[in-house]
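The block underneath contains the structure these notes are about, expressed in structure tokens.
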Amino acid sequence: MLTGDLVLLILRTLLGILSAGMLAYWSVGLHRLIRTIRDLPTARDGLKTAQGTPFEDSVCVVVPAHNEEHSLPIHILSLKAQDYPGLHVVLSLDRCTDGTYDAAIRAVGNDERFEIVVVDRCPDDWAGKVHAVFQGVQQSTAASNSDYLLFADADTRFHPSCIRATVALAKERKADLVSLLSTLTYDRWYEWFVQMSACLELMYQYPVLRANREERRRAFANGQFMLFRREAYLRIGGHETVKGELLEDLALARLVAENRLRATVLPADGMLVCTMYESWNEFRHGWKRIYSESARCDARRLRKWAARARITGTLLPLAAFAGILLGITTGAIPVPAMDLVARTATAISSVALLVWALVMAGSHRVAHAPLWAFPATVAGSWIVGGILAAAAADIEAGRPTLWGDRCYVRRPGVDHGASPHPMSPGASDAGNR
């Protein structure tokens, strides 16, 4: 055998071995995706359920907002359009320094279902959003009397029947907590190239099917939309029990699981839409915070996740593509047995890349993301790996997490409190350390 043929055989075989690992990994992902689509309803499915469901229970929506003068009016309009009969909305405006209050007043108009709570301070041991929600619940009579409490983010937009469909699903599934995975927008370059990879990484950590289990549940919830039975919310102690958490949704979901209450996490399927971040800088910092908290500030775990994201999402698909390209562009190897090995390796690369493409395309379809963007997840996974690594570096260096106008120093094994951001009004010298 010529030296060139031997080198070619070794190279195609190595690429085939890498592709075999990729095939095994993404076959599991494809199985999970198919089961999720098959076994879980979406919020849109709740429209059919709602047709035969009586709606006698009252719902109070609590919306925390910090400097949301542009997004909050759109959110309010979507709530005003809700067709749920027993609805009340509490807007908890948290230390806003822009035109959020005036924008809220204009958007609400004379709709008596809405009330506004103004929060002018946040204790040092509370996270800002958590405290705003807590104050909204505490200061609203409607919240204390409602059958359901719905916590929603100000940057979300509701389908007119979103609440009606979700309450119907809560009743049908006898759930104490229903959380929706919002349909994200795909209008910016980082949403096209990185957002799906970022979401898939989070779903790897918290598989939706496991989040819906009764036993051995992997507790998860999305803070953009959490519908609680009020009795269940009170049973877990409410937001006061998670006052220092930056991902209060995960903390509340864990309390729900610990108290053996029923939770369900479902895709919104267009019934709840959200633009998470307005700029790449916000996107990067936001996902660093999410990953840090989901890893419980464990830098070593974050670095493992970073390596896995880059290997499985970038390097292995590129290896499979290279194996296919090499098989197409090179001729047959003179020795039949060796040629069979090389062709088998190319076939494995082809199947592996196909399975990966099915997972990516299927995920984009479920998420209402543009299908043409799914090849970009190769680059997106590499970037997400960088975000994970940066989150680990921040924890190791003791760099604070900036969120709102406050900074939070996160360390593993430490009771996490909060302090004012050094540049915020009234910040003391202690906040600069």
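The values are calculated or read from the model by the stated rules, or taken from the named source; none is laboratory data. Remember, predicted model here, so these are calculated numbers, not experimental data. A quick note on method: Cβ atoms are made from the backbone with ideal geometry, for glycine too, and the neighbour counts reach across all protein chains shown.
Being of a type in the set (Ser, Thr, Tyr) and over 14 Å from the mean Cα position of the chain (by Cα) is the filter; apply it to the range 261-309 and report the residue that is nearest to residue 214 (Cα to Cα). Looking at residues that are of a type in the set (Ser, Thr, Tyr) and over 14 Å from the mean Cα position of the chain (by Cα), I get 264.
Residues are listed down the side, and each one gets a yes or a no for (1) among the aliphatic types (A, V, I, L, M); (2) under 25 Å from residue 83 (Cα atoms); (3) at pLDDT 95 or above:
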| position | (1), (2), (3) |
| --- | --- |
| 123 | no, no, no |
| 131 | no, no, yes |
| 151 | no, yes, yes |
| 158 | no, yes, yes |
| 167 | yes, yes, yes |
| 188 | no, no, yes |
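Residues in the range 199-221 that are free of Cβ contacts under 8 Å to residues at least 60 places away in the same chain, in a loop (DSSP other than H, G, I, E, B) and surrounded by fewer than 22 Cβ atoms within 10 Å (Cβ to Cβ): 213, 214, 215, 216, 217, 218, 219. Taking the range 1-119 and the helices (runs of 4 or more DSSP H) fully enclosed by it, the elements with 3 or more residues that are surrounded by fewer than 17 Cβ atoms within 10 Å (Cβ to Cβ) and either in the same structural domain as residue 345 (by TED's automatic domain parsing) or small (Gly, Ala, Ser) (or both) are at 3-39. Here the condition is being on the phi < 0 side of the Ramachandran plot and at pLDDT 95 or above; of 64, 54, it holds for 64 alone.
Filtering the range 223-245 to residues that are surrounded by fewer than 23 Cβ atoms within 10 Å (Cβ to Cβ), touching a residue at least 60 places away in the same chain (Cβ under 8 Å) and either on the phi > 0 side of the Ramachandran plot or outside any helix (DSSP H, G or I) (or both) leaves 223, 224, 229, 238, 243, 244, 245. Based on this model, can you work out whether residue 95 counts as farther than 19 Å from residue 142 by Cβ and in contact with a Cys (Cβ under 7 Å, 6 or more places away or on another chain)? Yes.
Residues are listed down the side, and each one gets a yes or a no for (1) farther than 21 Å from residue 31 by Cβ; (2) surrounded by fewer than 19 Cβ atoms within 10 Å (Cβ to Cβ); (3) at pLDDT 95 or above:
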position: 313; (1), (2), (3): no, no, yes
position: 328; (1), (2), (3): yes, yes, no
position: 340; (1), (2), (3): yes, yes, no
position: 380; (1), (2), (3): yes, no, yes
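If you go through the range 355-374 and keep only what is out of contact with any Lys or Arg (no Cβ under 7 Å at 6 or more places or on another chain), in a helix (DSSP H, G or I) and farther than 14 Å from residue 312 by Cα, you end up with 358, 361, 362, 363, 364, 365, 366, 372, 373, 374. Scanning the range 246-275 for residues that are of a type outside the set (D, E, K, R), farther than 20 Å from residue 62 by Cβ and in a loop (DSSP other than H, G, I, E, B) gives 259, 270, 275.
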